[in-house]
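Written below as structure tokens is the structure these notes are about.
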């Protein structure tokens, strides 16, 4: 079996550079990974790609076929710890395309007389608490335990997550998985996933796109609702909040011996190293502090394992994925970093499934040119008709006669890109959310949509045809060489290529010089001088001077600046005008996000301005309003109250135009941009209390506390769903700071 290998070593600078060029706009360099994890510590990813579609995953696969990079797939980051030195590879996070839910309807099953158990389908990015609540709301049972696990469906499948007497293996039927190294996806039965206690055969090069669960119809829906409440209550009473990733170590004997009990037995509650300590509330939780170090967390883990091993004989295995750590730097960590149990048999079986899919799928992506194959690439005889081989031989016979072959370097900047214009409140999009107007989110709750082609895109083969030119075009620099080549001379011009027949030029030069090589060289020099002179005359000609400057997209931008830049372009040659400097001048205006300047003959310049969108405002200490966009950038400082935008209550700093506001104001601005149409008319204003607490006040007087700007989209979903089910006029306050709504009526 030809099994693709994923690199375990850090990527080299050359590999990262090549990958960056291949990804083009899809990838970002040196992106903090702490923001994607619940530990909130750790360094940067050398490369980060936010996948917004299956196309993005296929593009990633194409790059990985050419560059050997270590991979890190991140869902909600609730079971991962990033090294302080970062991750020298490719980190992948996900947009909303995997956040769909398809649940059965009890009435439909009754009408159809179905006797089978109900099947539920969840996208890989659906949070487990949301999946649990939605399934119970639909009258299903069997997934209540998920409300107490802060992860995603995809992560739960990979880790066989569980709790409260159940796990994924108890209801999982199959999973749809994308293989990043092969560029194919497959439906894999649960029996082929190698599920074990808190583990599976799924690796870093696998992306769980969706999971199919076999649930049951609840005979008492109120009992299921009560079970959800009990699980949430138990979690609050027995597990700490704050910066952690849940249980650190796997129970050595599931159902009999727990890791937490062993750690508690040797008195390690409260044990601390630097900025990390064992929780006083639950001994199998390790807490990190604000601004803490991942190395401190790992040191605590190593010390726990050593002491438990010495005292009890049990060898604890880490349940948390550790990324970017190097045991060679600290040998004491080697047991922590290599404590995963062997899953080689299950892994081989899983790879066989993808290999079968690879053999029946065309996975080549021609959006990236590939190098020309040489004859050495075909060692085995090919099943090709003889006449075809003769024709190929005749076509390439001239090329094979050259004495030295120059390497062919394929372009790496043609990978297709896709712009995502919807602002996001955080790095996750709510389940069932779809975009309508720019920046608006429609949250689907009761009416679950049916899966469509966009949810299950079919594999399509796309190929591009590269036609060879009918004759070889080369730049001739020596007439002695030219006489041996049936070629054309190419002279580059501003309007295209001036192509001169070699035979015609040879006869002309022969007549003028009489075959004298020195004279030919003199005439060639004179020809070049003449050409340069003509080019200079053309560049200086008023026929190609800029006379018309057209501006598009300028609404809020400084009119004086735009007019000044336009005037500076007029009179310059359209062929040599400095558009880069003009663009930089325009982009110095905070209102202008980007400016694109193009020229066209004979005398026209087009300026296309992409402006930032104002979404909210807040007052500074000087009592002047700061208008900000969804990125928290201050666009302008104005007198009075710009009430056409959302008001963020609270006194902020005296920022000048072009400055970036604090994270809380940035999150509040993004929240204002993303309000669903059903909620926006009810909002009186937003607020920033203290340094990081975000609030929302409704026109009914209801105060909603979002807490710190973390996981804001899911908090917003919870608020909308709650307001749909309760009378807002009877609600005094809603607190979703912990992720679970607490209502005061």
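The values are calculated or read from the model by the stated rules, or taken from the named source; none is laboratory data. Every value quoted in this text rests on a predicted model; they were computed, and no experiment measured them. Virtual Cβ from ideal backbone geometry, glycine too; neighbours counted across all protein chains shown.
Residue 89 passes every criterion in (1) surrounded by fewer than 23 Cβ atoms within 10 Å (Cβ to Cβ); (2) closer than 23 Å to residue 23 by Cα apart from (1).
Of the residues 648, 597, the single one that is within 22 Å of residue 550 (Cα to Cα) and crowded, with 20+ Cβ neighbours inside 10 Å is 597. Do we have residue 87 as at pLDDT 90 or above, within 25 Å of residue 52 (Cβ to Cβ) and assigned by TED's automatic domain parsing to the domain that holds residue 248 here? The answer is no for residue 87. Scanning region 18-35 for residues that are crowded, with 17+ Cβ neighbours inside 10 Å, touching a strand residue (DSSP E or B) at 6+ places or on another chain (Cβ under 6 Å) and under 27 Å from residue 150 (Cα atoms) yields 31, 33.
What about residue 105, is it free of Cβ contacts under 8 Å to residues at least 40 places away in the same chain and over 23 Å from residue 32 (Cβ atoms)?
Here the answer is yes, as residue 105 does meet what is asked.
When residue 2 is tested against (1) modelled with pLDDT of 90 or more; (2) in contact with a helix residue (DSSP H, G or I) (Cβ under 8 Å, 6 or more places away or on another chain); (3) surrounded by fewer than 19 Cβ atoms within 10 Å (Cβ to Cβ), just one condition goes unmet, and that condition is (1).
Any chance region 210-219 includes a residue that's under 30 Å from the mean Cα position of the chain (by Cα), buried (at least 18 other Cβ atoms within 10 Å of the Cβ), in contact (Cβ under 8 Å) with a residue 40 or more places away in the chain and farther than 25 Å from residue 323 by Cβ? Explain how you work it out, then say what you get.
From region 210-219, those under 30 Å from the mean Cα position of the chain (by Cα) are 210-213; that's our starting set.
Now drop any that are not buried (at least 18 other Cβ atoms within 10 Å of the Cβ), which leaves 210-213.
Of the ones still in play, those that are also in contact (Cβ under 8 Å) with a residue 40 or more places away in the chain are 210-213.
So of that shortlist, the ones also farther than 25 Å from residue 323 by Cβ come out as 212-213.
Yes.
Looking across 597, 607, 648, 628, one residue alone is assigned to a strand (DSSP E or B), in contact with a helix residue (DSSP H, G or I) (Cβ under 6 Å, 6 or more places away or on another chain) and in the same structural domain as residue 557 (by TED's automatic domain parsing). It is 597.
Residues in region 541-575 that are at pLDDT below 85 and assigned to a helix (DSSP H, G or I) were compared, and the one that is surrounded by the fewest Cβ atoms within 10 Å (Cβ to Cβ) is 542.
For the condition buried (at least 19 other Cβ atoms within 10 Å of the Cβ) and either farther than 17 Å from residue 319 by Cβ or touching a residue at least 24 places away in the same chain (Cβ under 8 Å) (or both), residue 169 does not qualify. For region 576-591, does any single residue satisfy the condition of being buried (at least 20 other Cβ atoms within 10 Å of the Cβ), assigned to a helix (DSSP H, G or I) and in contact with a strand residue (DSSP E or B) (Cβ under 6 Å, 6 or more places away or on another chain)? Within region 576-591 (the criterion being buried (at least 20 other Cβ atoms within 10 Å of the Cβ), assigned to a helix (DSSP H, G or I) and in contact with a strand residue (DSSP E or B) (Cβ under 6 Å, 6 or more places away or on another chain)), the answer is yes, since at least one residue qualifies. In this entry, residue 31 passes the filter for residues that are part of a strand (DSSP E or B) and more than 26 Å from residue 186 (Cα to Cα).
Restricting attention to region 716-725, does a residue exist that is in a strand (DSSP E or B) and closer than 30 Å to residue 34 by Cα? Taking every residue of region 716-725 in turn, none turns out to be in a strand (DSSP E or B) and closer than 30 Å to residue 34 by Cα. Of all residues in region 188-200, those that are in the same structural domain as residue 247 (by TED's automatic domain parsing) have Cβ atoms under 7 Å from Cβ atoms of residues that are surrounded by fewer than 18 Cβ atoms within 10 Å (Cβ to Cβ) and assigned to a strand (DSSP E or B), 6 or more apart or on another chain, in 190/173. Could you tell me whether any residue of region 666-683 is surrounded by fewer than 16 Cβ atoms within 10 Å (Cβ to Cβ), at pLDDT below 90 and in a strand (DSSP E or B)? No, region 666-683 contains no residue that is surrounded by fewer than 16 Cβ atoms within 10 Å (Cβ to Cβ), at pLDDT below 90 and in a strand (DSSP E or B).
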